[in-house]
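First the structure, in the form of C-alpha cells, and then the observations on it.
The values are calculated or read from the model by the stated rules, or taken from the named source; none is laboratory data. Everything numeric here is computed off the predicted structure, so don't read it as measured data. Neighbour counts are summed over all protein chains in view; Cβ atoms, including those assigned to glycine, are modelled from backbone coordinates with ideal geometry. Note: accessible area is taken over every heavy atom of the protein model, side chains too, but ligands, DNA and RNA are not part of it. Shrake-Rupley method; radii C 1.70, N 1.55, O 1.52, S 1.80 Å.
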Amino acid sequence: KAYLRLGGFVGDGAWIDREFNTTDVCLVMDTGQMSARHRDFYLRKQAMFGSEHGYRMSPEVLDAFVRQYIAAHEGREVVFAWQGGEPTLMGLPFFEAVLAVQQKHKRENVTISNSLQTNGTLLDDKWCEFLHRNKFLVGLSIDGPETLHDANRVDKAGKPTGSKVVAALRLLQKH
C-alpha cells in the first residue's frame, strides 16, 4: 500500500493508499553489497551515507524495522521481500535472526511470509534446506540459456555465473 516512484525516496514521492485492496509487500535491499551502478539507482550519492564503512542492519534496527512494519499492516498477511544486490551475502545467521524477530512481533491471526530474489551463486544445501523449511518463496535470476545468461551476468571477477545458477536451480529443486 506504500508506493515509491521509480528513483524516489521515502518522503519524496511515496504515498499510502489505504483503500487499495492488495497484499502489502516490503522490499528490503542490502545496498552496501550492491555494485556502484545499482547503489546509485536506489540511493542518493555518498553524501547520504557520510563515511565509507560497511552498512549492515544492526540487530536493534532489524527489530525496530520488523516491529514497525508488522504494526503498520492492518491485514492478515505481511510479506517481506528480500532482494537487491544479493541478499544471501547477509548470511544465514541474519535470516535466522529475521525469522526470530518476525515471530517475536507477530500478531495473532496474522501470517508472515518471506520471499528472496537471488542470483543463486551462494546457494548450497544449507541455504536451500533453510529456505524450504521456512517456506520462503524463492526467485532465481536467470537470463535464459547459459550462453545468454553468461553474456549478461558475471561475478565481480568478470567470470560467467551460468553454471553456478544452474547448480543453484538443481539444489532448489532437490529441496
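Descriptive notes on the structure:
- In segment 157-175, the residues that are surrounded by 14 or more Cβ atoms within 10 Å (Cβ to Cβ) and over 11 Å from Leu123 (Cβ atoms): Pro160, Thr161, Gly162, Val166
- Looking across segment 97-109, the residues that are open to solvent by 90 Å² or more (accessible area, probe 1.4 Å) and either among the basic types (Lys, Arg) or at pLDDT 95 or above (or both) come down to Gln103, Lys104.
- Among the residues of segment 79-111, those identified as among the polar types (S, T, N, Q), touching a strand residue (DSSP E or B) at 6+ places or on another chain (Cβ under 7 Å) and under 19 Å from Gln68 (Cβ atoms) are Gln102, Thr111.
- A Cβ distance below 9 Å, combined with a sequence gap of six or more or placement on separate chains, defines the contacts here; from segment 77-89, residues that are acidic (Asp, Glu) reach residues that are open to solvent by less than 10 Å² (accessible area, probe 1.4 Å) and not in a loop (DSSP other than H, G, I, E, B) in the pairs Glu86/Thr118.
- Residue check, Thr121 under 19 Å from Glu86 (Cα atoms), polar (S, T, N, Q) and outside any strand (DSSP E or B): yes
- Test: residue in segment 147-156 that is in a helix (DSSP H, G or I), closer than 23 Å to Asp125 by Cβ and hydroxyl-bearing (Ser, Thr, Tyr): no
- Top-ranked residue of segment 110-131 - restricted to ones that are of a type in the set (D, E, K, R) and either at pLDDT below 95 or in contact with a Leu (Cβ under 9 Å, 6 or more places away or on another chain) (or both), ranked as farthest from Leu89 (Cα to Cα): Asp125
- Only one entry of Arg107, Arg153, Arg133 meets the criterion of being over 14 Å from the mean Cα position of the chain (by Cα) and free of Cβ contacts under 8 Å to residues at least 12 places away in the same chain, and that entry is Arg133.
- Among the conditions (1) at pLDDT below 90; (2) within 28 Å of Gly120 (Cβ to Cβ); (3) not basic (Lys, Arg); (4) not in a loop (DSSP other than H, G, I, E, B), the only one that Thr88 does not satisfy is (1).
- The one condition in (1) open to solvent by less than 90 Å² (accessible area, probe 1.4 Å); (2) more than 30 Å from Val101 (Cα to Cα) that Leu131 fails to fulfil: (2)
- Among the residues of segment 62-77, those identified as open to solvent by 80 Å² or more (accessible area, probe 1.4 Å) and assigned to a helix (DSSP H, G or I) are Arg67, Gln68.
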